[in-house]
Amino acid sequence: QVQLVESGGGLVPPGGSLRLSCAGSRITFSRYAIAWYRQAPGKQRELVASITSGGTTLYSDPVKGRFTISRDNANNTASLQMNSLKSEDTAVYYCNALFLRQNYWGQGTQVTVSS
């Protein structure tokens, strides 16, 4: 079945950077809009950034100017470059792939921003 696997999470001090990756298998990656969501403890899952199959990007206001989403269809991967990290960016980050009614999620990767 379709799998999305996130990697790259970890512990980073405020102001630091991390790069998250999402690897898809058994999926025609190029057809899908790819998004990164996050969920902090006690909060709802929220959209962080998305990129359409055509490469159009969208960012939530809290991360605009600090995060960059990209995709590599040839390798079935997507990335989220996160710079100038803040404590409020601490959350589990999830990769999502959406095409028509086909909606897939990864298992998530923990990002903790703390000194």
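The values are calculated or read from the model by the stated rules, or taken from the named source; none is laboratory data. This one's a predicted model, so the numbers in the text were calculated from it and none came from an experiment. Neighbour counts run over all protein chains shown; Cβ positions are idealised from the backbone, glycine included. With ligands, DNA and RNA removed, areas are computed over all heavy atoms of the protein, side chains included. Shrake-Rupley method; radii C 1.70, N 1.55, O 1.52, S 1.80 Å.
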Quiz item: On average, how much accessible surface per residue is there in the chain, in Å², for a 1.4 Å probe, leaving out ligands, DNA and RNA?
Solution: 54
Practice problem: Count the DSSP beta bridges whose two residues both fall in the chain, then state the antiparallel fraction as a percent rounded to the nearest 5. | Solution: 95
Quiz item: Once phi is turned into θ = phi - 60°, what whole-Hz ³J(HN,Hα) does the Karplus curve with 6.51, -1.76 and 1.60 give for every residue of segment 22-29, x standing for Gly and Pro?
Solution: 10, 10, x, 10, 6, 8, 7, 3
Quiz item: How about segment 4-53: which trypsin sites (Lys or Arg not before Pro) there lie in a loop by DSSP and see at most 14 other Cβ atoms within 10 Å?
Solution: 26, 43
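In segment 1-52, carbon and sulfur make up what percent of the accessible area (probe 1.4 Å)?
Carbon and sulfur: 49 percent of the exposed surface of segment 1-52.
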